[in-house]
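S.K.: Mind looking over this structure? Questions follow.
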Amino acid sequence: MLIQDLIDYKHSYNFDIVVVFDSNKSLEKHSHSLKIQGVEVIFSGKSKNADSVIEEIAHLREGYDRKFIVTSDNIQQTVIFKENIYRKSVREFCIELNKQKKEAKNILNNIKKSQNAAGFSSVEKKLSRKSKEEFLKIKQRLEKNT
């Protein structure tokens, strides 16, 4: 559910998003990553914890005007602090994420109302197959959350 929420967030704001999971209790010795619909998912592996992976990302990845690190870990917030790195608590980010979900839901409802009032066919019928699949996933999630 978290990854799907981050995918939706990415599509709304066009940010690069990396989520790091602590997998130091897994059998994987080294960290590994995969991309899920544009969101990079990193598993820290047995040799590192998520905090050290986040620190590496925060300090080594170049080419960004601003980086936002979402963590409620006080030590982590202190370690990552430097120019162009901004911190958000998990609570703050959840509030922002929920606001974005509500806005997306309102937009979809307004489109639906305007199409019904104007006699147009549904949005799904006007989208490519891939876009339609993505749209339906988001629509179902929003309907489930209400």
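The values are calculated or read from the model by the stated rules, or taken from the named source; none is laboratory data. Keep in mind that what you see is a predicted model, and the values were worked out from it rather than measured. No Cβ is skipped: glycine too gets one built from the backbone with ideal geometry, and neighbour counts run over all protein chains shown.
S.K.: Is there any pair linking a residue in the range 25-44 that is on the phi > 0 side of the Ramachandran plot to one that is exposed (fewer than 13 other Cβ atoms within 10 Å of the Cβ), with Cβ under 9 Å and at least six apart or on different chains, and which?
M.R.: GLY38/ASP16
S.K.: Out of the strands (runs of 3 or more DSSP E) lying entirely within the range 1-60, which hold 3 or more residues that are out of contact with any helix residue (DSSP H, G or I) (no Cβ under 6 Å at 6 or more places or on another chain), closer than 19 Å to GLU96 by Cβ and at pLDDT 90 or above?
M.R.: Values: elements: 17-21, 32-36, 39-43.
By residue number, no strands (runs of 3 or more DSSP E) qualify.
S.K.: How many of the residues making up the range 32-70 are closer than 25 Å to MET1 by Cα and out of contact with any strand residue (DSSP E or B) (no Cβ under 7 Å at 6 or more places or on another chain)? Talk me through it step by step, then tell me what you get.
M.R.: Filtering the range 32-70 for residues closer than 25 Å to MET1 by Cα gives 32-46, 48-55, 57-58, 67-70.
Now drop any that are not out of contact with any strand residue (DSSP E or B) (no Cβ under 7 Å at 6 or more places or on another chain), which leaves 35-38, 46, 48-49, 51-52, 55.
So the answer is 10.
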